[in-house]
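Working notes, structure below.
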Amino acid sequence: MFPGVPIILGGIYAALCPTHAQKSGADLVLGSGPPARPRLTPMDLYDQPGYVVLATSYGCPMACQYCASSILSPRFTPRPLEEIKADLDRQLSLTPVNDLAFYDDALLWEPENRFYPLCQYIKTRYPGLKLHTPNGLSVALMDEECCRALFQAGFKTLRLSLEGVDDYTLKTSSGKTDGRNFLWAIDNLTRAGYDAKHIEVYILAGLPGQNPGDIERSLDFVKSAGASPKLCEFSPIPGTQLFKRDCAIYPSLAEEPLWHNNSVYISYLAGRISPESLQKLKSMTQK
């Protein structure tokens, strides 16, 4: 339609797979260096989205071996509180909405500086706004004060990052938590007013070196605490420690990003868990 218009390719794909992205035919590939972050989230580009999204920080202070957060955002960067409020106010002025999703990788980190003041602001200025955390929350940070703040501010969707309770999975997850921390967090959440069965917990499946039996035990552990496990199938991500490890075994990973897709990787390329066994694990998460 517009043959004279330059095509610029950016985003996560271009950042993680710049060499492959160069083959796309784009005139410019923005695949290196930290991404530019908008001061205000451009939700005005959508026609009545019905919800708003917010990130109070970029990056993550942890360094899990399977995660690309530290590659996409080399330094953990909290946003100034006043900037966060201005972003939220502007989005909520665009169209009537009832839901707000947080896209932080470390929403609860140093909560006195951002999270607690923001919860108070939302509770006072936007009562009734339903809040959601699709990115997993760190259970090691969920003390009684934190859980009360979540409940009183109106957080309805809670997803927790446990990943697994076996030593190997905990090690690849930066040792950020363990089963004892998880039970402590669930107890604090129920004391704050949550029903444990409505709390979803991420469990990883298919990590290189992971014992499939440990996945089943982790699912059972979450269910025994009354919470709902949510299975996350491992996907090898360029630049991460586990990607380098898997590339030594499966060199095609470095050439074709389609092999990174978790729908085909675990069972059909790596062969770590058969499709039947994976389906069995998925069935264990059903309520």
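Any read-out appearing in this document is the output of simple, stated calculations on the displayed coordinates, not a laboratory observation. The structure displayed is predicted, hence computed values, not measured ones. Counting neighbours? That spans all protein chains shown, and the Cβs are built from the backbone with ideal geometry, glycine included.
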Cα convex hull volume per residue for region 47-234, in Å³, equals 117 Å³
Over region 209-287, the quotient of the Cα radius of gyration and 2.2 N^0.38 Å is 1.21
To the nearest 0.05, the calculated FRET efficiency linking Arg191 and Lys244 through their beta-carbon distance, R0 being 35 Å, is 0.25
Taking placed amide H atoms and a strict 5 Å upper bound, the residues 5 or more places from Phe155 or on another chain that come that close are Leu131
Applied in sequence order to region 74-91, the curve 6.51 cos²θ - 1.76 cosθ + 1.60 (Karplus, θ = phi - 60°) yields integer Hz couplings, x standing for Gly and Pro, of x, 10, 5, 10, x, 8, x, 4, 5, 5, 4, 4, 5, 4, 5, 4, 5, 4
Which residues qualify? For Ser174, with a placed amide H closer than 5 Å and at least 5 residues away or on another chain, they are Gln65
In whole Hz, the Karplus estimates of ³J(HN,Hα) for region 10-16 (6.51, -1.76, 1.60; θ = phi - 60°; x where Gly or Pro) are x, x, 5, 4, 5, 6, 8
Quick calc: nm separation of the 7 Å Cα→Cβ label points for Ser277 and Ser224 -> 2.2 nm
Once both label points are put 7 Å beyond Cα along the C-beta direction, the Met1-Asp99 separation in nm becomes 2.9 nm
Karplus ³J(HN,Hα) for region 123-136 (6.51 cos²θ - 1.76 cosθ + 1.60, θ = phi - 60°; Hz, whole; x = Gly/Pro) runs 4, 7, 8, 10, x, x, 5, 8, 10, 9, 10, x, 6, x
Taking the chain and counting helices only, DSSP H stretches of n ≥ 4 at -39,500 (n - 2.57) each over all residues, the nearest-500 ellipticity at 222 nm comes to -9500 deg cm²/dmol
Projected area averaged over all directions for the convex hull of the alpha carbon atoms of region 13-150, nm², comes out at 9.9 nm²
If amide H atoms are modeled at 1.01 Å from N in the peptide plane, then the residues at a separation of 5 or more from Lys230, or on another chain, having amide H under 5 Å from its own are Val201, Tyr202, Ile203
Counting only Cβ distances under 4.7 Å between cysteines, those in the chain with no partner are Cys17, Cys60, Cys119, Cys146, Cys147, Cys232, Cys247
